[in-house]
1. Anything in segment 223-266 that is assigned to a helix (DSSP H, G or I), among the aromatic types (Phe, Trp, Tyr) and free of Cβ contacts under 8 Å to residues at least 40 places away in the same chain? List them, or say none.
2. So how many residues does segment 180-217 have that are surrounded by fewer than 20 Cβ atoms within 10 Å (Cβ to Cβ) and either within 23 Å of LEU319 (Cβ to Cβ) or outside the structural domain of ARG312 (by TED's automatic domain parsing) (or both)?
3. Residues in segment 101-109: is at least one acidic (Asp, Glu) and in contact with a Lys or Arg (Cβ under 7 Å, 6 or more places away or on another chain)?
4. Here's a check for you: in segment 199-222, which residue that is assigned to a strand (DSSP E or B) and of a type in the set (A, V, I, L, M) is nearest to the chain's Cα centre (by Cα)?
5. State which residue is nearest to the chain's Cα centre (by Cα) when the search covers only segment 40-86 and only residues that are among the basic types (Lys, Arg) and part of a helix (DSSP H, G or I).
6. Any chance segment 267-277 includes a residue that's among the charged types (D, E, K, R) and in contact (Cβ under 8 Å) with a residue 40 or more places away in the chain?
7. For segment 11-27, does any single residue satisfy the condition of being outside any helix (DSSP H, G or I), at pLDDT 95 or above, surrounded by 15 or more Cβ atoms within 10 Å (Cβ to Cβ) and hydrophobic (A, V, I, L, M, F, W, C)?
8. Scan segment 98-116 and give yes if some residue there is more than 30 Å from PHE19 (Cα to Cα) and either of a type in the set (Lys, Arg) or in contact (Cβ under 8 Å) with a residue 40 or more places away in the chain (or both), otherwise no.
Amino acid sequence: MPWLVVDGNGQPVEPIRRFLTDFVARDNRTGSIRSYAYVLLRWWRWLRVVEVEWDHATSEETRDLVLWLQQAPKERVSARTISAATAGKVNPRTRKQYLDDRYKPRTIRHSNAVLRSFYEFWLETGEGPVINPVPLARPGRRAHAHHNPLERHTAEGRIRYNPRLPKRRPREMPDEGWNSFFAGLRSDRDRAIVSLAVSNGARAAELLGVCGADLNWGEQLVRVVRKGTGAEQWLPASPDAFMWIRLYLAALGETPGLREPLWWTLRRRDRGDGLRRHPLNYEALRAVFRRVNALLETNWTMHDLRHTAALRMARDQHLTLKDVQVILGHAHLSTTADVYLWEEDEAVVRRVATHLADRQHRPEQPAEPLALGYDSSDLSVLFGGFQP
């Protein structure tokens, strides 16, 4: 078990342990197990506050937890320092909002989904409560009204206390912003990583998992392991990205093995086993972005490069939306269409202004001639001699 929830005595909480064991057996990734464990830890703490046992919880406890999450600040390991002045504000350069200490609607919806799946597991075993304390909203009709008795029951409707998600546009990095950001990078390794990300839209975790055998120099392809499915996929990369990879490996002075990570720290560090390089992790990559953002007074992230690559591909007339879906690794075409098929407000305003200007200077069209009258003899033949 990569993650467990323990009580005050350091012993695993048995209901959560059994659920997570089943969750691991269904071949879920370590990151998902960690996320579920933290949600259940928060739920257990909440039940302790309201003095309710886990198998006696009702929809009232779920409702009150949602209300609390909507107004409570997050717990922080350490207090904010530099970021305290910008938390929750909008960056004037990127037009992006800085993260604040509030729980977002997606976090609350994820919490509800985890809790509902936890209680569904115990309902199936017959050892938990009789009713799931995370109810569904089914307006207008009875649940499973037309259910086929030969098929298993599936969930219907959305969770009752899920907050609405605001419609958000993808965070694109403009060309001038990209040029400034790229100029602020300090090493060929960092330039190689961001060049790969902006050329094929791979996620940070996917790029950090690339090994020496995952580079096809002849075809200029990079093999990544997709998040969620774990499937291997070859992605194209720009010639500039491979140029920066070559420069990075030349400066590194060491060629990673076929099964060794491609990205390494630039300096050797001693962690009790002598001076040596260590594989680059996600926190170190975030530090790269923090340095550049502090220099430019921006708040770009690695995921903004994925959005930028996707929007560039979506606007290319030589690529179909199916092509974009395959490169991004989306399971459904509708996901790609919903996120990346949108028009900039400025472009729409310009086109409408041009339309109005054209109508202002468009010459008036001559009136079309009226239809001539019908001949009475034709009407007589048409109606068989009957005259109205």
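1. Selection gives PHE242 alone.
2. 2
3. Checking segment 101-109: at least one residue is acidic (Asp, Glu) and in contact with a Lys or Arg (Cβ under 7 Å, 6 or more places away or on another chain).
4. Selected residue: VAL222.
5. So, considering only residues that are among the basic types (Lys, Arg) and part of a helix (DSSP H, G or I), the one nearest to the chain's Cα centre (by Cα) is ARG42.
6. no
7. Scanning segment 11-27 turns up at least one residue that is outside any helix (DSSP H, G or I), at pLDDT 95 or above, surrounded by 15 or more Cβ atoms within 10 Å (Cβ to Cβ) and hydrophobic (A, V, I, L, M, F, W, C).
8. Yes, some residue in segment 98-116 is more than 30 Å from PHE19 (Cα to Cα) and either of a type in the set (Lys, Arg) or in contact (Cβ under 8 Å) with a residue 40 or more places away in the chain (or both).
The values are calculated or read from the model by the stated rules, or taken from the named source; none is laboratory data. This is a predicted model, so every value here is computed, not measured. Positions of Cβ are generated from backbone atoms using ideal geometry, with glycine treated the same way; all protein chains shown enter the neighbour counts.
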